[in-house]
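The values are calculated or read from the model by the stated rules, or taken from the named source; none is laboratory data. Quick caveat: nothing in here was measured; it's all calculated off a predicted structure. With ideal geometry, Cβ positions are generated from the backbone for all residues, glycine too; neighbour counts draw on all protein chains shown.
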Amino acid sequence: MTRMVQRLSITTWLVMLVSGNGAAPGAQETKPAQGSSVQRFGMVGLARGQTARLNVVNAQLVRPPDGRGDAGCPVELSFIDSVGRTVASGGGTLRAGEAILIDLPFAERGRGLETRLQIRGVVRSTLGPCADLIATVEIFDTPSGRRTIVLNLPPEPACSDAQEPNDTFEKAYPISPGTIVGSRVCVKDEDFFAITVASEGGAFSAQIDFANAEGDLDLVLYSPTGQQLAKSDGTSNTEVVSYSALDAGVYRLRVFGYFGAAAGYALTLTQ
């Protein structure tokens, strides 16, 4: 079976035919790979004369600010039936502002006396550059194109840990030497921590430990006035910043996900 996959950028449409991309029709749905995200819609009915459309948009309209480039978000789209078999699939890599879709006409799957199919839309993506995906499932009349059903995914659950709310410079969570465990950065969330330096020349070091396979986190240090002093933005499981303070005051650490990544972490302060 050949499936139509369409891609939309901010300025142009690109249309391509995808054959054999993603899971083969009839295959069972597989478990997500480590470092990936799976979003599932509820079951919906597809009747004769109708087409189901799964549409995904990368709503991240701003390119990464640090020069690492927009590598895009690898996305796999599929429809599965009521017993978990893949009945249509497609995919691609979405850069900021692009979209992709797959269509499933009833005529391609309906057999014999069947008048209705139960299907579910599934979107798989990597966690890092895919924080701003918006997915919808539409059911429309095939001849006229008139939509009868539009489904949206529920909003992301609130991000919470013992240090929240610490999402802004002003609400930075005060920390002392030692290790804080159980912290988490979520989609569209970042954490701030406050370090008090009592006298000029006070030296300190801050380190975060996390699983980069879950999400790539970065660490930035700011002066009491908000000036960036140091940054650690590698691709390992650890980020470290060290500083010898020129002035006494309250310094801030910012922990955030690269391009919207989410992950749990432990923060250690040595002073």
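Residues being within 19 Å of Ala230 (Cα to Cα) and either among the aliphatic types (A, V, I, L, M) or modelled with pLDDT under 85 (or both): count how many of those fall in region 168-205.
Looking only at that region, the number is 9.
Given (1) modelled with pLDDT of 80 or more; (2) within 16 Å of the chain's Cα centre (by Cα), where does Cys130 come up short, assuming only one miss?
Only one criterion is unmet by Cys130, namely (1).
Only residues in region 168-185 that are loosely packed, with under 12 Cβ neighbours inside 10 Å count as the first member; pair them with residues that are outside any strand (DSSP E or B) and among the polar types (S, T, N, Q), Cβ under 9 angstrom, at least 6 apart or cross-chain, and list the lot.
Final answer for the pair search is Ser176/Gln271; Pro177/Gln271; Gly182/Gln163.
When only residues in region 235-253 that are among the hydrophobic types (A, V, I, L, M, F, W, C) and more than 18 Å from Phe169 (Cα to Cα) count, which is surrounded by the fewest Cβ atoms within 10 Å (Cβ to Cβ)?
Leu246
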